[in-house]
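Some notes on the structure that comes next.
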Amino acid sequence: MDADRVTWKVSVTGGAKGGSGKTSLISRIVYDSDAAIGMKRELFRKRFSASLGGSRRIIAELLFQELDSSESSASAILNSNAVMVVVDITEQPSYEEAVEIVRYVSGLERRPLTIIVGNKLDRKYEAVVWEDEMKSLQKKYGVEYCFVAAKNGEGIQNLINSLLDGLVSRIAQKRKANA
């Protein structure tokens, strides 16, 4: 079976006031731990394997970059293959910031894959952001969403699968269009 090697950049943004769990989410995906102590804002690399149409394998290297709300973040989003917008589901302002980010990304000419990540599912009894809000954004902007708990890993595999499926399907669409 042949294998393609691809590298995709994934920007992780949201919660400009902090506390949405961006760093912990990256740590959970890359290191399978929420211990984000000492993580500096740099690129974090994780390798995955996926299939393309059942006959080809893709070795995908994802480069995760945490973004703040500065102007440099806007240019980083422009150069990303995917954007994960992290929402603290226990904080309504976090959701409102995410809506603004999704609105910005949806207006880009070369639009990256966008996934809204409702974080802190382990604190769902405190939630103020519900699935209805996420579905509304999905319908309005054509984005994906999922709920996770970076603290204990709940939902992380579903997030990774959605991310890889979305990126791989974009490759398949491009190849089909160029065939």
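Here, each number is a calculation from the coordinates, and none is a lab measurement. What you see is a predicted model, and the numbers here were worked out from it, not measured in a lab. Using ideal geometry, Cβ is built from the backbone for each residue, glycine included, and neighbour counts are taken over all protein chains shown.
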* Estimated inter-spin distance, N152 and E109, nm [label 7 Å along Cα→Cβ] -> 4.7 nm
* To do: Compare the Cα positions of G155, G142, L121 along the charge dipole of the stretch 121-175 (+1 at Cβ of Lys, Arg; -1 at Cβ of Asp, Glu; about the Cα centre) and return the one farthest towards the positive end.
  => G142
* 16 Å cut-off, amide nitrogen to a point 7 angstrom out along V6 Cα→Cβ, residues in the stretch 143-179 -> 160-179
* Rel. contact order, % - alpha carbon contacts under 8 angstrom, at least six apart, the chain -> 24 percent
* Structure fact -> Distance in nm between N178 and R45 label points, each 7 Å along Cα→Cβ, equals 2.4 nm
* Asked: Roughly speaking, what is the centre-to-centre gap between the stretch 142-179 and the stretch 64-103 when only Cα atoms are used, to the nearest Å?
  -> 17 Å
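With +1 on each Lys and Arg Cβ and -1 on each Asp and Glu Cβ, and nothing else charged, work out how big the dipole of the chain is about its Cα centre, in Debye to the nearest 20.
Numbers: 26 positive and 23 negative charges, 164 e Å.
The dipole of the chain has a size of about 780 debye.
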* How far, in nm, would the chain grow between S136 and V30 when pulled straight, counting 0.36 nm per residue and subtracting the alpha carbon separation? -> 35.2 nm
* Structure fact -> Hits for the chain under the membrane-span-like helix rule (DSSP H, Cα axial span at least 18 Å, Kyte-Doolittle mean at least -1.0) are 92-106, 156-178
* Asked: In terms of the ratio Rg/(2.2 N^0.38 Å) built on C-alpha atoms, what value belongs to the chain?
  -> 1.00
* To do: Determine the alpha carbon to alpha carbon distance for each of K9/K135; K46/K120; K9/K139; K22/K139; K151/K174; K135/K176 and list only those over 27 Å.
  => K151/K174; K135/K176
* To do: Once you've got the GNM for the chain with C-alpha springs shorter than 10 Å, pick whichever of F48, F64, F147 has the biggest mean-square fluctuation.
  => F48
